[in-house]
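Asks: One structure coming up, written as structure tokens, with questions to follow.
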Amino acid sequence: MEVRENLIKLCEKINDGHYKITPDCAEYKVFEKWITDEQITVMLALTSMKPAFVPFIARKAKLPVKRTREVLHELTDIGLVVQVLVKKVGLEIYLLPPYTPGVFEFLLINEKFCIAHPEIAYAFHQHATTSQIEHAPNTPMGAGIMRVIPVESAIPADAEKIDNERCSMYIEANEGHLSVTPCQCRRVRRMMGEGSGDLDEGLCIFMGHVGDMFNNTGKGRPVSVAEAKELIKLCDERGCVHQITTLHQGETFAICNCMPESCLALGVSQYYNTPDTSRSNYVAEIDKEKCVACGQCTDRCANNAIQMGQKLCSKTPIEHKHHELPDDIEWTPEHWNPEHRTNREYVAPEGTAPCKTACPAHIAVQGYIKLAAQGRYLDALELIKKENPLPAVCGRVCNRRCEDECTRGSIDQAVAIDEIKKFISDRELDRDKRFVPKKLYDFSDKKIAIIGAGPAGLSCAYYLAADNYKVTVFDKNEQPGGMLRYGIPSFRLEKPVLDAEIDVLKELGVIFRCGVEIGKDITIAQLREQGYDAIYLAVGAQKSASLGIPGEDLERVWGGIDFLREVNSGAKPDVGRKVVVVGGGNVAMDVARAAVRLGADVTVAYRRKESDMPADPAEVAEAREEGVKFLFEHRPVEITGKDGKVTALVCEAGSIECDSVLAAVGQRIDLEGLDLGDLRTDEKGRVIADAVTYQTGQKDIFVGGDAYTGPKFAIDAIAQGKQAAISIHRYVHPGQSLVIGRDRLTYHAFDKDNVDFDAVKNDYDSASRQKPGKDHAKACTFKDDRITFTEEQLKAETARCLGCGASYVDPNKCLGCGVCTTRCKFDAIHLRKRTNVESIDYFARPKVLPQFIADRQKRIEVRKISENRQ
């Protein structure tokens, strides 16, 4: 395309010397395909950032006033000029805004125009990246595209000159001139197919003449002061970063409520590692003694300035190096971070608390233990449910990997984490005390189908419903719960506990359609026809694996899962007097103990040594206490019988006389009858899917739980359910990436061998681990005989926690937004005012910026000389 010299001239006028204009630059490309010569002529007649009346503009453009006004109306509608209507006297005033904040944002508000010209979005992205190569390191505080101002609740009471740093001041000063529009940065990300799940709904507040312009042109929604403040409050709850324009001191024409993964202005700071282009006058500081490394601040930190680390004393000192700044160094590409949307690190190099790391859901264990110690049980429950919506269930059936890795176990015994969680989550059993999340979004126009009401399906449903999706869970069983209901005996998980947590999902609006088998009663194709936007496949592994030996067709031979299903459905299978359970896992222990409750004499036959048994040692001990006998290195080879009934299990080591054989040797996934199309499975029948997003070969089908991993634990399925909910949210909204801006869950624990335990022992309680009581009246019945901790036991046990982890802030990266302070439940992080830098007025910049660049260059030279002397 031929270079248009008049367009080059216009770009240079808008640019005002900030960027080098070429036919390949973003500032030229944004106009190239659509702007007319007449529109260029009128825009050239305007003066940058200075208002002009229509007759004056017409005179300079050498066009009739009427035609000039018509072109100005076109330009206003497109989003290229700022229109000010003086209604009392019927005058129109126009001014030419800069590229940013200005032309690019105003164009992006015009969605129809941008759809017709998608190059606008790409040009804005290029402007915020490659166009900033020279500017990012040479921009002083207060002269960036936008500037962070803190969440008001985070501003210290003793801070000086805070009026210009309060959203409420700007809103109140512009009463009657407020307009809410969709976010332009989020729109760019969507149009480029690189959204991070953060949608371009109405979150930006324009004000003053610009607010009036968007209201007058119908591109914005007029709001009152009260409505604008409510929007700011909602954005605070969501974790948005507030930013204002920097063109005039003490003034702004917009408050943008930004997400770090989406915002292009914040993106300059992140891409080039130059926080001064965005930062406020504040910095976050952490009280290490109060901090519990819960991670609630790290995942919302605007610039990845906070990381979870180690609190305990170490043999080798831990040093947290501050991020280098461009103040006195040549800022070459090795200092940049172009992949900032995908390479965030939430854990410090030394690692963090092993309990949080070991948990598949990465629950803030240390955090909820401290809240429980303070008697803040609802807060503790809320913190748990950020990662696990079934804590009362897990408090009874979890395999406690957090306890296996607990640092306290290196001193004496691990903290009884699961018992603490059980105490906290028993609030779920009381409708008036349970935690139900507040809905901060409304995606009720989207329908999601979940196939399977086990732990993965319930978890996915919870997190989607919390964002107000229309969620329907289909399950072929009579009641929801999957393996939690039908695969775990009630002496380990009483069903009212499960029902209470399912009731929370119902309260959130989840619909359960039980007794409906997908593939038989309704097909996946029919679900699509009914308008379901995505499908989550969480069918579990609900079929028993066979022994593969002769005699399995005899009467009184059950698969372990089939046997438990009968028992959990209220039946009392006739197992006879002597029962042999084949297997050595947790299911085998459940089967054996259930058979004991049916009056049988039970023997477990396991093919390997006792040390090889995968079952939880505590469950093995409980089985032994109840009279279960164990035979090791007994590999089954045949089941013998008489008159069609079992008489013995023949093993390589000898025969065991019995009336029943219960084979708990594995579980199978059953996808038979499902019209899964391009979805593929591996040799074990597990559905093949992306390891991060859980998306299958059928793009609208996501998978989780045993259907993906094979038989595992409830907490694994629960963790996958949440991740699938994140993916589904992104999938059903066009233009959203399934991976950009996503927590990759790359947690790692600190090295316990480097902990100075001599110092630790001096600081912490030496009390022994608390043990839950037993209700002996329930022993060997189908009721759970384990008693929840008393409050006294809870206090004693929470005091045993060493408080391993603490987060830290890199002050060189912190932007001072204050979002972290709204996330902390421990009063552990606060803002401190460290500067009093005002925004640099647009008209002062031609003088200020060259001086700043010259001073920086001198510092660079001084540093080089100093380094050469060393």
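The values are calculated or read from the model by the stated rules, or taken from the named source; none is laboratory data. Note that the structure is predicted; figures quoted are calculated from it, not measured. Note that each Cβ is placed from the backbone with ideal geometry, even for glycine, and that neighbours are counted across all protein chains shown. These area figures cover heavy atoms from the full protein model, side chains too; ligands, DNA and RNA do not enter into them. Shrake-Rupley method; radii C 1.70, N 1.55, O 1.52, S 1.80 Å.
Asks: Being acidic (D, E), out of contact with any Pro (no Cβ under 7 Å at 6 or more places or on another chain) and closer than 25 Å to A545 by Cα narrows it down to one of D763, D670, D700, so name that one.
Replies: D670 is the lone residue from the list that is acidic (D, E), out of contact with any Pro (no Cβ under 7 Å at 6 or more places or on another chain) and closer than 25 Å to A545 by Cα.
Asks: Quick check on the range 775-794: of everything there that is among the polar types (S, T, N, Q) and modelled with pLDDT of 95 or more, which residue is farthest from A373 (Cα to Cα)?
Replies: T788
Asks: Taking into account only those residues within the range 654-677 that are within 30 Å of T523 (Cα to Cα), touching a strand residue (DSSP E or B) at 6+ places or on another chain (Cβ under 8 Å) and among the charged types (D, E, K, R), which is least open to solvent (accessible area, probe 1.4 Å)?
Replies: D670
Asks: Considering only the range 799-807, I want to know if a residue exists there that is surrounded by 16 or more Cβ atoms within 10 Å (Cβ to Cβ) and closer than 26 Å to L325 by Cβ.
Replies: Yes - at least one qualifying residue is present in the range 799-807.
Asks: If you check D765 against the conditions, is it farther than 29 Å from F423 by Cβ and at pLDDT below 95?
Replies: In short, no.
Asks: While we're looking at this one, here's another question. Need at least 3 residues that are over 16 Å from P260 (Cα atoms) per element, so show me which strands (runs of 3 or more DSSP E) inside the range 119-226 make the cut, counting only ones lying wholly within it.
Replies: Ranges flagged: 178-182, 202-207.
Asks: Is there a residue being open to solvent by 20 Å² or more (accessible area, probe 1.4 Å), touching a Leu at 6+ places or on another chain (Cβ under 6 Å), of a type outside the set (D, E, K, R) and more than 15 Å from P389 (Cβ to Cβ) anywhere in the range 423-440?
Replies: yes
Asks: Checking the condition in contact with a helix residue (DSSP H, G or I) (Cβ under 9 Å, 6 or more places away or on another chain) and under 24 Å from D158 (Cα atoms), which residue from L802, L794, L831 passes?
Replies: On inspection, the qualifying residue turns out to be L831.
Asks: So which pairs qualify, if the first residue must be in the range 545-566 and over 15 Å from V579 (Cβ atoms), the second must be among the acidic types (D, E), the Cβ gap must be under 8 Å, and the two must be at least 6 apart or on different chains?
Replies: Every condition considered, the pairs that remain are S546/E552; I549/E638; P550/E638; G551/E638.
Asks: For the range 821-829, indicate whether the set of residues that are in contact (Cβ under 8 Å) with a residue 24 or more places away in the chain, among the acidic types (D, E) and surrounded by 16 or more Cβ atoms within 10 Å (Cβ to Cβ) is non-empty.
Replies: No, the conditions are met nowhere in the range 821-829.
Asks: Follow-up question, since we're still on this one. Scan (1) free of Cβ contacts under 8 Å to residues at least 24 places away in the same chain; (2) under 27 Å from C804 (Cβ atoms); (3) open to solvent by less than 50 Å² (accessible area, probe 1.4 Å) for the single condition D758 breaks and write down its number.
Replies: (3)
Asks: Hey, R190 hits all of (1) open to solvent by less than 20 Å² (accessible area, probe 1.4 Å); (2) in contact with a strand residue (DSSP E or B) (Cβ under 9 Å, 6 or more places away or on another chain); (3) modelled with pLDDT of 95 or more; (4) not aliphatic (A, V, I, L, M) but one; which does it fall short on?
Replies: R190 satisfies all of (1) open to solvent by less than 20 Å² (accessible area, probe 1.4 Å); (2) in contact with a strand residue (DSSP E or B) (Cβ under 9 Å, 6 or more places away or on another chain); (3) modelled with pLDDT of 95 or more; (4) not aliphatic (A, V, I, L, M) except (1).
Asks: Look at the range 74-102 and say how many of its residues are in a strand (DSSP E or B), in contact (Cβ under 8 Å) with a residue 12 or more places away in the chain and not hydroxyl-bearing (S, T, Y).
Replies: 9
Asks: Now a separate question. Looking at I535, I511, which is the one that is in contact (Cβ under 8 Å) with a residue 12 or more places away in the chain and closer than 13 Å to G452 by Cβ?
Replies: Just a single option satisfies the conditions, and that option is I535.
Asks: Could you please find all residues in the range 364-378 being in a loop (DSSP other than H, G, I, E, B) and either at pLDDT below 95 or open to solvent by less than 10 Å² (accessible area, probe 1.4 Å) (or both)?
Replies: A364 - this is the single residue of the range 364-378 that is in a loop (DSSP other than H, G, I, E, B) and either at pLDDT below 95 or open to solvent by less than 10 Å² (accessible area, probe 1.4 Å) (or both).
Asks: Starting from the range 32-52, take each residue that is within 20 Å of M1 (Cβ to Cβ) and open to solvent by 40 Å² or more (accessible area, probe 1.4 Å) and list its partners that are among the polar types (S, T, N, Q) and assigned to a helix (DSSP H, G or I), counting only C-beta distances under 8 angstrom and pairs at least six apart or across chains.
Replies: Partner pairs satisfying both residue conditions: D37/N6; T41/N6.
Asks: Which one of A618, A623, A588 is under 39 Å from the mean Cα position of the chain (by Cα), assigned to a helix (DSSP H, G or I) and either surrounded by fewer than 20 Cβ atoms within 10 Å (Cβ to Cβ) or free of Cβ contacts under 8 Å to residues at least 60 places away in the same chain (or both)?
Replies: When all the criteria are applied, what remains is A618.
Asks: I want to confirm something. Restricting to the range 108-151 and keeping residues that are in contact (Cβ under 8 Å) with a residue 24 or more places away in the chain and of a type in the set (D, E, K, R), which single residue is most open to solvent (accessible area, probe 1.4 Å)?
Replies: Only one residue fits best here, namely E111.
Asks: Considering only the range 481-495, how many residues are in a helix (DSSP H, G or I) and either within 13 Å of A541 (Cα to Cα) or touching a Cys at 6+ places or on another chain (Cβ under 7 Å) (or both)?
Replies: 3
Asks: Something else: Quick one: would you say I286 is surrounded by fewer than 24 Cβ atoms within 10 Å (Cβ to Cβ), over 21 Å from R834 (Cα atoms) and β-branched (V, I, T)?
Replies: When the stated conditions are applied, I286 does not pass them.
Asks: A further question on this structure: Just for the range 850-870: of the residues that are farther than 15 Å from A136 by Cα, touching a residue at least 40 places away in the same chain (Cβ under 8 Å) and of a type outside the set (K, R), which one is most open to solvent (accessible area, probe 1.4 Å)?
Replies: V862
Okay, residues lined up against (1) within 24 Å of the chain's Cα centre (by Cα); (2) farther than 30 Å from H117 by Cα:
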| site | (1), (2) |
| --- | --- |
| A136 | no, no |
| P150 | yes, yes |
| A154 | yes, yes |
| E160 | no, yes |
| I171 | no, yes |
| T181 | no, no |
| R190 | yes, no |
| G193 | yes, no |
| G202 | yes, no |
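Asks: Out of (1) open to solvent by less than 20 Å² (accessible area, probe 1.4 Å); (2) closer than 27 Å to G208 by Cα; (3) modelled with pLDDT of 95 or more, the odd one out for E74 is which?
Replies: If we test E74 against (1) open to solvent by less than 20 Å² (accessible area, probe 1.4 Å); (2) closer than 27 Å to G208 by Cα; (3) modelled with pLDDT of 95 or more, just (1) comes out false.
Asks: Which residue out of A465, A449 is under 19 Å from I718 (Cβ atoms), at pLDDT 95 or above and touching a helix residue (DSSP H, G or I) at 6+ places or on another chain (Cβ under 8 Å)?
Replies: A465
Asks: Condition first: under 19 Å from the mean Cα position of the chain (by Cα) and open to solvent by 40 Å² or more (accessible area, probe 1.4 Å). Now tell me which residues in the range 692-721 satisfy that.
Replies: Result: V692, single match.
Asks: Mind checking which pairs have a first residue in the range 833-845 that is free of Cβ contacts under 8 Å to residues at least 60 places away in the same chain and a second that is of a type in the set (S, T, N, Q), Cβ under 8 Å, 6 or more apart or different chains?
Replies: none
Asks: Which residue out of P338, P333 is under 20 Å from C814 (Cα atoms) and open to solvent by 30 Å² or more (accessible area, probe 1.4 Å)?
Replies: When all the criteria are applied, what remains is P338.
Asks: Out of the residues in the range 831-849 that are assigned to a helix (DSSP H, G or I) and open to solvent by 70 Å² or more (accessible area, probe 1.4 Å), which is nearest to E134 (Cα to Cα)?
Replies: Within the range 831-849, the match that is nearest to E134 (Cα to Cα) is P846.
Asks: Moving on. In the range 530-568, which residues are over 37 Å from the mean Cα position of the chain (by Cα), closer than 19 Å to D590 by Cβ and in a loop (DSSP other than H, G, I, E, B)?
Replies: Hits for the range 530-568 are S546, L547, R556.
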